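Working notes for the structure below.
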Amino acid sequence: MSRPFEQQRRESDKAFAAFTLYLNMGAQRSTAAVGKKLGKSEGLIERWCAKHDWKTRVQAFSAHLAVVEREAIEALAREKAIDWHKLHEEQKISEWKARTRAVRLANILMDRMEANENKCGTAEGIARLLEILHKLGRSATGMPSEVKEVRGELKATLEIEWEMALKKAYPVAAPRPNAVDVEIVKVENEPAALPASKETK
């Protein structure tokens, strides 16, 4: 079954050629312009336009073009995504190979240092190299290079849970109403009682 903007079953070649011209005129299309271009009367072009429903067929063609353009854009986006994926994989492989070679070098340096410290680099330099290798290896395998934020969140969560557990195990008793705190004070060297007065009888 033909699509609406293709030549229809009972449409003559001349009528279809006129429709094709009308379709390709774009937003400025008109039956008068088609008749003038083909040397036909505008009345004939109007009859063909009504009989073969040119306006509906133009709308169908516009919708078809929109679908084709969208599919082309999606295909291009998929192609670019595949290219980026390949580049990422190549970058990871390259980083991993560089990391592997550097690890071998670090092992050689550490062996030489153990044998003779004067014929090799410093321990700080090797430590720095190992740190770079660590980050390079994590980058090549798609792992995050830093875990500080995760540890911080975990620490905060554990502190809150630990505090709640302590409160549950050792609840703090609420003070009783109208309670008075009394402190017992031990008095040393309490003075002797005063003698009774002679005048008292």
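About the Cα centre, and with charges only on the beta carbon of Lys, Arg (+1) and Asp, Glu (-1), how big is the dipole of region 67-117? Nearest 20 debye, please. The dipole of region 67-117 has a size of about 180 debye.
Given R₀ = 25 Å, FRET efficiency for GLU124-VAL103 by Cβ-Cβ distance, to 0.05? Calculated transfer efficiency: 0.85. Under the combined filter of DSSP loop state and at most 16 neighbouring Cβ atoms within 10 Å, region 6-53 retains these trypsin sites (Lys or Arg not before Pro): ARG9, ARG10, ARG29, LYS40. Across region 37-55, the residues whose backbone nitrogen lies under 17 Å from the label position 7 Å along the beta-carbon direction of ASN24 are 37-40. Distant-in-sequence amide contacts of GLN7, defined by a placed amide H-H separation under 5 Å and a gap of 5 or more residues or a different chain, comprise nothing. For region 13-88, the dipole from Cβ point charges (+1 on Lys and Arg, -1 on Asp and Glu) about the Cα centre works out to 320 debye, to the nearest 20.
Bear in mind that the values in this text are calculations on the coordinates, not laboratory data. Predicted, not measured: the structure shown is a model, and the values here were computed from it. Quick reminder, even Gly has a Cβ in these numbers, built from the backbone with ideal geometry, and neighbours come from all protein chains shown.
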